[in-house]
Every structure is written in C-alpha cells, then in structure tokens.
Amino acid sequence: MNPMLSIDRLTKRYGGHLVFDLRAFELEAARAYVLTGMNGAGKSTLLRVLAGLAPADAEGVRFAGEPVRLAPYAAALRRDIVYVHQHPVMFSTSVAANIGYGLKARGMAREEAARLVDEAMRWAGVEHLHASRPATLSGGEKQRVALARAKVLHPRLLLLDEPTASLDGEAREQVLALIPSLTLAGSTVVMACHDRDLINLPDVRRLKLREGQLEEK
Ligand SMILES: Nc1ncnc2c1ncn2[C@@H]1O[C@H](COP(=O)(O)OP(=O)(O)OP(=O)(O)O)[C@@H](O)[C@H]1O
Ligand SMILES: [Mg+2]
C-alpha cells in the first residue's frame, strides 16, 4: 500500500543545532500516531515542518503518491494538512464563526458551510457554544472547538500538538474520545504528547523522537 505521506530524508537545523535528521519517514492513510520524546526533542518542530510553518531540508517528498515540495509549500499540502496548536488561537467572534472560518476562506457557500459547522460542533459536543465568545471557553472546550475547526476541513493529515496537555479528568477524556473517529473518517492523525499522556487508543502507532532520530516503539 502507498503511504499517505513519505519523505526520503527530512533534516531540520536551527542555526548550528541539528534538531532531527530523519530517513524514510512515512505516514499511512487513516492511521493514528502518537509522537513522544523529551522536552526539546523536536516534536513540535516536526509537526510545524510538516504543516509548512517552519522550513526544513526535505528530499523525496510524496503525498498520496504524488511528488510534492515542502518549500515552497505545495498547495495540495496546504489544503490537506491541518495543524492544531497546543494553545489554539481564536478570533474574538463566535465559536461557530471560528469553526467556519476555513470553509469561508475556501469559498464555500454560506448554507453548506453552516451545515458542516453544525455537524462538526455536534461531533465535538460543543453545539451549545455556538454563539459563545472563545475567550469564555474552558481549556477542554477550547480544544474541542479547535478539533472541530480542523475536522470541518476534512484534512488528510491532522497534526495535533499536545491536545491534552493542559487538560485533566473529563475534559481530557472528551478530547481523547474524539481521536478514533478522525481516523475512521479517513484522516491520519499525529499527536505530539508526553509519555504520561500515552493512551490506549485502538491501533495507535507509537513514534519517538530521540537524538534527532525517529524510533517506532
Ligand atoms: N524558533 C526556534 N529557533 C531556534 N530554536 C528553536 C526554535 N524552535 C524550537 N527550537 C529548538 O528546537 C528544539 C526542538 O524544539 P521543539 O519545540 O520542537 O521540542 P518539543 O519536542 O516540542 O518539546 P516540548 O516537549 O517541550 O514541547 C529545541 O532545542 C528548541 O530549543
Ligand atoms: Mg512541543
């Protein structure tokens, strides 16, 4: 089977500091990955590079079988790869407007966008927050809104940077419960997290960044 994303070699440096040098990096379609590693191992950097938010040296990049470039970042990647920041930034409009923003930016008709936003809000269990201001949300609600905002775009690859790090108890469980349905819907999900966050999602692959290399655990 063709991997969804494959990169022959991916190297990232900050000045003279080598963050990682990965060979034969591959992600399968519709699969969940957990990306662990110590503080500073390069988890966020790897997600940001894949999302086109940080430059890196890449050789042999293929997305859904097609050769593409990371620099300049290919339009197909921009459409199909979505990154969710650990502390999602939201516009100070309504929750619904935040979730619909990307659809509007892509030129989708208003009614169709509204329907998809409603569907995504139900999925994330935040429909009651439709008209709320993002600044009033709890941490768990904010994460679920951020996931809804990402899911509504139907990305092939969803990059989540520590989606549960600031959550505990029920809020954490609620966010974790959403992950399997993302892969069922066909998205590949990569979640950066710390070992204590390691979770018993079904069929999750464990990747670990260590000394600039990626290990499968
Ligand atoms: N913009 C930047 N400029 C220079 N160095 C950076 C920059 N961003 C990250 N780094 C360095 O790159 C390395 C990897 O950082 P990164 O944030 O990717 O680690 P991480 O695995 O996500 O860590 P954490 O678990 O703390 O989130 C660190 O040494 C960090 O200091
Ligand atoms: Mg990080």
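Take Asp57 and decide whether it is surrounded by 13 or more Cβ atoms within 10 Å (Cβ to Cβ), within 16 Å of ligand 1 (Cβ to nearest atom) and in contact (Cβ under 8 Å) with a residue 12 or more places away in the chain.
When the stated conditions are applied, Asp57 passes them.
Going through Arg149, Arg144, Arg133 one at a time, which residue ends up being open to solvent by 30 Å² or more (accessible area, probe 1.4 Å) and under 24 Å from Ile81 (Cα atoms)? Walk me through it before giving the result.
Values: Arg144 fails: open to solvent by 30 Å² or more (accessible area, probe 1.4 Å); Arg133 fails: under 24 Å from Ile81 (Cα atoms).
None of the other options fit; the residue is Arg149.
Return yes or no: is Val68 of a type outside the set (Phe, Trp, Tyr), within 18 Å of the chain's Cα centre (by Cα) and open to solvent by less than 50 Å² (accessible area, probe 1.4 Å)? Talk me through it step by step, then tell me what you get.
Values: of a type outside the set (Phe, Trp, Tyr): yes; within 18 Å of the chain's Cα centre (by Cα): no; open to solvent by less than 50 Å² (accessible area, probe 1.4 Å): yes.
Criteria not met by Val68.
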Quiz prompt | Residue ID - farthest from ligand 2 (Cβ to nearest atom), chosen from residues in region 1-47 that are in contact (Cβ under 8 Å) with a residue 60 or more places away in the chain and basic (Lys, Arg) | solution = Arg31
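Just to be sure I understand, how many residues within region 87-128 are in contact (Cβ under 8 Å) with a residue 60 or more places away in the chain and surrounded by 16 or more Cβ atoms within 10 Å (Cβ to Cβ)?
Let us first name the residues in region 87-128 that are in contact (Cβ under 8 Å) with a residue 60 or more places away in the chain, namely 87-88.
Restricting the remaining residues to those that are surrounded by 16 or more Cβ atoms within 10 Å (Cβ to Cβ) gives 88.
Looking only at that region, the number is 1.
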Self-check item: Residues satisfying the stated conditions in region 169-204, i.e. in contact (Cβ under 8 Å) with a residue 12 or more places away in the chain and open to solvent by 70 Å² or more (accessible area, probe 1.4 Å)
Solution: Glu170, Leu184, Asp195, Pro202, Asp203
Practice problem: Within region 48-100, track down each residue that is charged (D, E, K, R) and more than 16 Å from ligand 2 (Cβ to nearest atom). | Solution: Asp57, Glu59, Arg62, Glu66, Arg69, Arg78, Arg79, Asp80
Exercise. Among what's in region 175-206 and is within 14 Å of ligand 2 (Cβ to nearest atom) and not acidic (Asp, Glu), pick the residue that is nearest to Arg9 (Cα to Cα).
Key: Val190
Exercise. Determine if region 39-51 includes at least one residue that is open to solvent by 80 Å² or more (accessible area, probe 1.4 Å), polar (S, T, N, Q) and within 15 Å of ligand 1 (Cβ to nearest atom).
Key: yes
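When you check Leu207 against the structure, is it within 16 Å of ligand 1 (Cβ to nearest atom), crowded, with 18+ Cβ neighbours inside 10 Å and under 22 Å from Leu50 (Cβ atoms), yes or no? Full working, then the answer.
Numbers: within 16 Å of ligand 1 (Cβ to nearest atom): yes; crowded, with 18+ Cβ neighbours inside 10 Å: yes; under 22 Å from Leu50 (Cβ atoms): yes.
Taking the combined requirement at face value, the residue satisfies it.
The values are calculated or read from the model by the stated rules, or taken from the named source; none is laboratory data. Every value quoted in this text rests on a predicted model; they were computed, and no experiment measured them. Please note: Cβ atoms are built from the backbone with ideal geometry, for glycine as well, and neighbour counts cover all protein chains shown. Areas reflect the complete protein model, heavy atoms only, side chains present, ligands, DNA and RNA absent. Shrake-Rupley method; radii C 1.70, N 1.55, O 1.52, S 1.80 Å.
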